[in-house]
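J.: Quick one: the structure is below, and I'll ask about it shortly.
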Amino acid sequence: MTLNKKENKIEEQQEGMLNKYALVLTSIKGIGVKTFSYLIPEDMKPVIKVGQPVSVPFGRMGLINAYIVGFSNYLPEGIKAKNISKILDYTPIFDIKYLKFLEWVADYYFCSIQNVLECAVPVKFLSGMQKEQTEKFIEFKTFDNATKRQIEILKILQETGKTKLINFEKQAKTTRATLNKLVNLGCAQITEKQIFRNPLEIFKQQELEPFPKLLEEQQNAYNEIEKRLGSYNNILLHGVTSSGKTEVYFAAIKKVMEQGKNVLFLAPEIALASVLTQRMARRFGIEKTAIWHSSISDGEKFDVWNKIKNNEIRILAGARSAVFAPLKNIGLIIIDEEHDSSYKQTMPSPRYDAKKVAQKLAELNNCPVLSGSATPDINTYYYAKNSGNLIEMKKRYNDYPLAKVRVVDMREERFRANNGIFSRALVSAIEQNLRDKKQTILLMNRRGFSTYTQCMACGEVIQCPKCAIPLIFHSQTQTLKCHYCEHEQPMITECPKCGSDAIRNCGTGVQRVELVAQKLFPDCNIARLDSDSLSKKNQHIEILNDFRKGKIDILIGTQMLAKGLDNPNVTLVGVINADNGFNLPDFRSCERGFQLLTQVAGRAGRGDNPGEVYFQTYNPDFFGLETAKEQDYETFYKTEIQARENFDYPPFSQIIRIILSSKNQYRAERSAQEIAMRLNDIVDNRQLTEPIAVLGPNPCVIERLQEYYRFQILIKNKLEEKGRRFILNFLAQIKLPEDIRLTIDVDPIDIL
């Protein structure tokens with residue numbers, strides 16, 4: 001097999017028997033993930049395969065670990081290859097099918113396969129920094145030849161049975177030297193066993209929960225899904241909030257596992273993935289279930305990866321990166337809350353969409369993708385509806401009514417001298433909810449304490465020194481932070497422009513909401529759930545478990561609260577600023593705002609008690625807010641799809657975004673103008689102006705990011721794959737000066 005770095009081409013040849021050289025992939029400190037060619041010793045040729053870990057010499061570093069990713073009989077000119085030293089494991093960690101899959105990702109998102117491999121295979125695996133972990137166990141054999149004290153220890157061991165050596169030392173109040181003597185006498189035996197560092201260990205293994213009988217609407221949905229198992233389909237399960245979609249997922253998983261196949265389950269957020277995995281572990285068994293996301297440890301990732309490699313995992317759940325785990329024999333891929341923008345990686349390269357990648361993975365495995373949401377992505381709904389793969393669930397589980405939504409006009413609150421964060425109606429509703437021993441969710445979809453810091457004397461807004469955006473004040477650390485480049489500095493007391501001390505934190509973030517709530521409701525338990533509050537591993541699981549058990553009265557957070565939380569005791573939801581997100585200069589902003597409000601409203605009234613929702617807004621007549629109030633997806637979709645068609649936005653075209661950036665503003669703009677001009681000329685000459693539209697260049701909405709000035713060109717492609725190939729072939733020929741960065745984002749999630 002050969003791998004061409006420029007074209008990302010892989011030829012179907014898995015073994016090195018007929019080849020002279022092997023292409024290996026490794027991670028070198030200061031260099032990154034790279035491929036290098038090595039000679040294959042004659043004795044290795046019959047056994048060497050793609051995906052095997054090997055040891056190779058690398059300059060002064062000596063021997064390093066690498067993975068076989070290809071074979072050839074040729075070397076680049078001027079290169080002298082050294083021999084591979086050793087095959088570390090004859091069982092490949094991935095195969096040719098997996099590499100072909102990664103090749104497709106590299107091709108579609110216009111990046112090198114090295115970028116994709118670095119994203120897909122954890123770097124520490126490539127560098128050999130992770131290894132299997134073992135633990136020593138001790139067990140009783142005989143009392144023969146033992147002294148009185150040794151017999152006392154042996155009796156404890158006999159009663160305990162085989163146990164961890166380190167634990168037994170403490171239990172028997174003895175030393176390792178004493179236990180070694182017992183081993184030498186033949187009275188005890190110490191064995192070493194590989195242990196599985198399971199990230200699910202925090203979920204205590206319990207008896208498996210039974211499967212409830214599906215209600216009529218759930219059963220009908222499942223029947224439609226079952227018909228499509230065993231072949232490639234893109235199915236959309238569109239069910240209102242709390243319609244019972246998860247039980248339909250579980251019924252489909254059960255069927256697929258009975259067929260001897262495995263399941264990949266994707267969720268948009270780590271917190272939601274953890275909650276769903278916990279439920280699946282209770283339903284299908286902790287030994288058959290694994291989780292994969294960025295917050296589990298490297299050791300846990302290594303062990304989960306090996307379990308997957310050995311086909312010991314039947315259900316793998318996780319956030320977007322789980323789509324690259326080498327799960328075998330896949331019979332179903334589930335994408336929960338498929339509308340969520342978190343499925344798209346915005347940086348660094350590859351800028352992949354896990355939903356699109358999952359579709360390719362399903363195609364390669366000839367299995368269906370089952371996407372689910374109460375507020376589907378407009379594109380997903382459009383394609384499902386027009387392909388006959390739309391399955392609808394229009395009623396809540398047990399016919400519970402949708403929560404009643406009340407829109408609060410904050411302009412009237414200001415008119416009546418209420419300048420606080422909370423409307424009087426919402427405060428009253430929270431107080432009543434607390435008296436009724438019910439729980440409340442408060443959504444404020446902005447991190448930090450405030451949204452900007454400003455000098456009241458001269459009007460100066462304190463901005464990030466690297467990005468053209470305001471710094472956000474965080475009260476816990478008393479610092480100003482940039483959420484784009486992670487710049488952080490102490491809170492200032494004087495204006496850097498005029499020297500005044502009239503510095504004020506303006507706007508509202510989720511931390512301010514928490515502080516005000518603590519003052520308004522001092523006698524209740526309040527917790528915050530956002531990325532800034534999760535300082536330790538699995539803290540999100542602890543918070544959500546405490547909330548589910550009723551230990552938290554009011555849970556405050558950002559958009560992660562709107563996804564998948566199913567707590568029957570939540571009867572009140574308050575959205576502090578329902579206008580957030582609707583007014584961004586992006587064609588998806590109305591869709592995103594509608595989805596967020598509808599989803600968070602769906603967290604209320606999921607049990608026997610009816611739910612109430614309060615949308616606080618300064619624009620109560622806005623269309624997106626009105627339809628979210630009614631949870632009326634159909635009306636919203638009909639209006640939105642017409643606007644998309646009128647302006648040739650997806651699904652009626654594909655967007656490809658080109659960003660030119662430089663620390664020199666003029667050079668970035670000039671480069672963008674030259675590329676746009678050349679592209680327009682080619683489009684005009686080939687008479688493609690109707691199916692391919694070139695817009696710009698224009699400054700990006702966030703014009704400066706991490707010290708780089710940014711200009712963008714947007715391309716609307718109506719020629720599908722043919723147009724994408726034409727555009728990317730053009731971009732592949734562009735040569736730019738070293739101080740100019742070219743970023744290509746295929747199917748961008750926003751145009752900010």
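J.: Please determine, by comparing only the residues of the range 332-366 that are surrounded by fewer than 24 Cβ atoms within 10 Å (Cβ to Cβ) and out of contact with any Phe, Trp or Tyr (no Cβ under 9 Å at 6 or more places or on another chain), which one is nearest to V33 (Cα to Cα).
T.: P348
Let's see how each residue does on (1) part of a loop (DSSP other than H, G, I, E, B); (2) modelled with pLDDT under 95; (3) more than 30 Å from I96 (Cα to Cα); (4) of a type outside the set (A, V, I, L, M):
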position	(1), (2), (3), (4)
N386	no, no, yes, yes
P401	yes, yes, yes, yes
N419	yes, yes, yes, yes
I430	no, no, yes, no
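J.: Being of a type in the set (S, T, Y) and either farther than 17 Å from D530 by Cβ or in a loop (DSSP other than H, G, I, E, B) (or both) is the filter here; which residues of the range 465-481 pass it?
T.: Those that are of a type in the set (S, T, Y) and either farther than 17 Å from D530 by Cβ or in a loop (DSSP other than H, G, I, E, B) (or both): S475, T477.
J.: Out of the range 307-318, which residues are surrounded by 19 or more Cβ atoms within 10 Å (Cβ to Cβ), part of a helix (DSSP H, G or I) and touching a residue at least 60 places away in the same chain (Cβ under 8 Å)?
T.: K309
J.: Which of the residues that make up the range 610-649 are in contact (Cβ under 8 Å) with a residue 60 or more places away in the chain, surrounded by fewer than 16 Cβ atoms within 10 Å (Cβ to Cβ) and farther than 23 Å from F422 by Cα?
T.: Listed by number, the residues that qualify are F647, D648.
J.: In the range 272-317, which residues are at positive phi and touching a helix residue (DSSP H, G or I) at 6+ places or on another chain (Cβ under 7 Å)?
T.: Within the range 272-317, no residue meets the criteria.
J.: Within the range 463-481, which residues are touching a residue at least 40 places away in the same chain (Cβ under 8 Å), within 15 Å of M491 (Cβ to Cβ) and either surrounded by 19 or more Cβ atoms within 10 Å (Cβ to Cβ) or in contact with a Gly (Cβ under 9 Å, 6 or more places away or on another chain) (or both)?
T.: Of everything in the range 463-481, those that are touching a residue at least 40 places away in the same chain (Cβ under 8 Å), within 15 Å of M491 (Cβ to Cβ) and either surrounded by 19 or more Cβ atoms within 10 Å (Cβ to Cβ) or in contact with a Gly (Cβ under 9 Å, 6 or more places away or on another chain) (or both) turn out to be H474, S475.
J.: Continuing with this model, one more query. Considering only residues of the range 137-159 that are β-branched (V, I, T) and free of Cβ contacts under 8 Å to residues at least 12 places away in the same chain, which is nearest to I190 (Cα to Cα)?
T.: It comes out as I151.
J.: Of the residues S231, S321, only one is surrounded by fewer than 20 Cβ atoms within 10 Å (Cβ to Cβ), among the hydroxyl-bearing types (S, T, Y) and assigned to a helix (DSSP H, G or I); which?
T.: Going through S231, S321 in turn, just one is surrounded by fewer than 20 Cβ atoms within 10 Å (Cβ to Cβ), among the hydroxyl-bearing types (S, T, Y) and assigned to a helix (DSSP H, G or I): S321.
J.: Return a yes/no flag: does the range 259-280 have any residue that is at pLDDT 90 or above, open to solvent by 30 Å² or more (accessible area, probe 1.4 Å), among the basic types (K, R) and under 16 Å from L370 (Cα atoms).
T.: Yes, the conditions are met somewhere in the range 259-280.
J.: Here is a further query. Scan (1) within 30 Å of H339 (Cβ to Cβ); (2) touching a helix residue (DSSP H, G or I) at 6+ places or on another chain (Cβ under 8 Å); (3) surrounded by 17 or more Cβ atoms within 10 Å (Cβ to Cβ) for the single condition G723 breaks and write down its number.
T.: Unmet for G723, out of (1) within 30 Å of H339 (Cβ to Cβ); (2) touching a helix residue (DSSP H, G or I) at 6+ places or on another chain (Cβ under 8 Å); (3) surrounded by 17 or more Cβ atoms within 10 Å (Cβ to Cβ): (2).
J.: Moving on. For E413, work out the one condition from (1) over 26 Å from the mean Cα position of the chain (by Cα); (2) in a strand (DSSP E or B); (3) crowded, with 19+ Cβ neighbours inside 10 Å; (4) not small (G, A, S) it doesn't fulfil.
T.: In the conditions (1) over 26 Å from the mean Cα position of the chain (by Cα); (2) in a strand (DSSP E or B); (3) crowded, with 19+ Cβ neighbours inside 10 Å; (4) not small (G, A, S), E413 misses (2) alone.
The values are calculated or read from the model by the stated rules, or taken from the named source; none is laboratory data. In this text the structure is predicted, and so the values were computed from the model without any measurement. Reconstructed Cβ throughout: ideal geometry from the backbone, glycine too, with neighbour counts over all protein chains shown. Note: areas computed on protein heavy atoms with side chains; ligands, DNA, RNA excluded. Shrake-Rupley method; radii C 1.70, N 1.55, O 1.52, S 1.80 Å.
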